[in-house]
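In what follows, a single structure is set out as structure tokens and then discussed.
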Amino acid sequence: MSNKTIIELESINKIYTTGKTKLQVLFDIDLQIYQGDLISIVGPSGSGKTTLLNIIACLDRATTGRYSLLGADIKSKSNDDLSMLRNKSIGFIFQSFNLLSRHTAFENVQMPLHYSDVIKKKEREEKAKECLELVDLGNRIQHYPNELSGGQQQRVAIARSLINNPDIILADEPTGNLDSKTSADIIDLLKKLHKSGKTIIIITHDETIAKEAMETIKIHDGRIV
């Protein structure tokens, strides 16, 4: 961990409005995450942890409060700016893997680079191969998702999250669909990536997984406790 703050939330509140009904799901969230952190955010279903993740990921905006990501004030950014910032700086890992079934592991990993018009096909393919080798799937690059185990599919998803060399990796319940042995392997891989310098945030309801992080942030009823 360094002393460089890369994520800073101050007095973040999130209110959803439907007609005349207002539902507040986050209350006065203050949070600082430093470069090189390995953080877990833990809480039961409905606690607000996914909403918090969506705000950190710039997939949603806070109703009030200030959010700074990599030194940039998010409030002043347009949706297009946020999309570019996400694609360049954040790698996503999801519980359901989110792989395209008609594309090979090799093609799935390349997907985030299709939005870049400065990276040529050859470089894109080299990066994808490197990322798949990094997660020990160099011999499975031409396999389709239905030809891979759950753990292998999650490794493809992790390789995809690395393709843009992001500053931050956000893992939303990354072991939720995996057995205990495969879950341990995936956590070991995330810890390996952390040691290489990545800042990693794991959203989980599993206390065992949360304990693997340097710090655990507990959220309950929309508040950090």
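Could you list, ordered by first residue, the pairs with Cβ atoms under 7 Å in which the first is in the range 206-225 and at positive phi and the second is in a strand (DSSP E or B) and among the polar types (S, T, N, Q), at least 6 apart or interchain?
Matching pairs, first to second residue: GLY222/GLN24.
May I ask you to list the residues in the range 195-212 that are buried (at least 20 other Cβ atoms within 10 Å of the Cβ) and either outside any loop (DSSP other than H, G, I, E, B) or in contact with a Phe, Trp or Tyr (Cβ under 7 Å, 6 or more places away or on another chain) (or both)? Steps first, please.
If we filter the range 195-212 for residues that are buried (at least 20 other Cβ atoms within 10 Å of the Cβ), which is where we start, we get 198-204, 209-210.
The answer is THR199, ILE200, ILE201, ILE202, ILE203, THR204, ILE209, ALA210.
For the condition touching a residue at least 40 places away in the same chain (Cβ under 8 Å), surrounded by fewer than 17 Cβ atoms within 10 Å (Cβ to Cβ) and either of a type in the set (A, V, I, L, M) or touching a Cys at 6+ places or on another chain (Cβ under 6 Å) (or both), what is the one hit in ILE15, ILE29, ILE41? Can you show your working first?
Numbers: ILE29 fails: surrounded by fewer than 17 Cβ atoms within 10 Å (Cβ to Cβ); ILE41 fails: surrounded by fewer than 17 Cβ atoms within 10 Å (Cβ to Cβ).
None of the other options fit; the residue is ILE15.
Tell me, yes or no, whether the range 75-95 has at least one residue that is assigned to a helix (DSSP H, G or I), more than 17 Å from the chain's Cα centre (by Cα) and surrounded by 19 or more Cβ atoms within 10 Å (Cβ to Cβ). It would help to see each step written out before you state the result.
Initial filter on the range 75-95 (assigned to a helix (DSSP H, G or I)): 75-76, 79-89.
With more than 17 Å from the chain's Cα centre (by Cα) added as a condition, the list becomes 75-76, 79-81.
Add one more test, that the residue is surrounded by 19 or more Cβ atoms within 10 Å (Cβ to Cβ), and what stays is none.
Within the range 75-95 (the criterion being assigned to a helix (DSSP H, G or I), more than 17 Å from the chain's Cα centre (by Cα) and surrounded by 19 or more Cβ atoms within 10 Å (Cβ to Cβ)), the answer is no, since none of the residues qualifies.
Which residue is farthest from the chain's Cα centre (by Cα), if the candidates are limited to the range 52-74 and must be in a helix (DSSP H, G or I) and over 20 Å from ASN3 (Cα atoms)? Even if it seems obvious, please write down each step before you answer.
Taking the range 52-74 and keeping what is in a helix (DSSP H, G or I), we get 52-56, 74.
From the residues that got through so far, the ones that are over 20 Å from ASN3 (Cα atoms) too are 52-55, 74.
Values: LEU52: 12, LEU53: 8, ASN54: 10, ILE55: 12, ILE74: 17 Å.
Per the stated criteria, the residue is ILE74.
Which of the residues belonging to the range 137-165 are assigned to a loop (DSSP other than H, G, I, E, B) and under 20 Å from the mean Cα position of the chain (by Cα)?
ILE163, ASN164, ASN165
Any residue that is hydroxyl-bearing (Ser, Thr, Tyr), within 15 Å of PHE94 (Cβ to Cβ) and outside any helix (DSSP H, G or I) - is there at least one of those in the range 175-188?
Yes, some residue in the range 175-188 is hydroxyl-bearing (Ser, Thr, Tyr), within 15 Å of PHE94 (Cβ to Cβ) and outside any helix (DSSP H, G or I).
None of the figures in this text is laboratory data; all of them are computed from the coordinates on show. Here the structure is a predicted model, which is why all the values come from computation and not from measurement. Neighbour counts run over all protein chains shown; Cβ positions are idealised from the backbone, glycine included.
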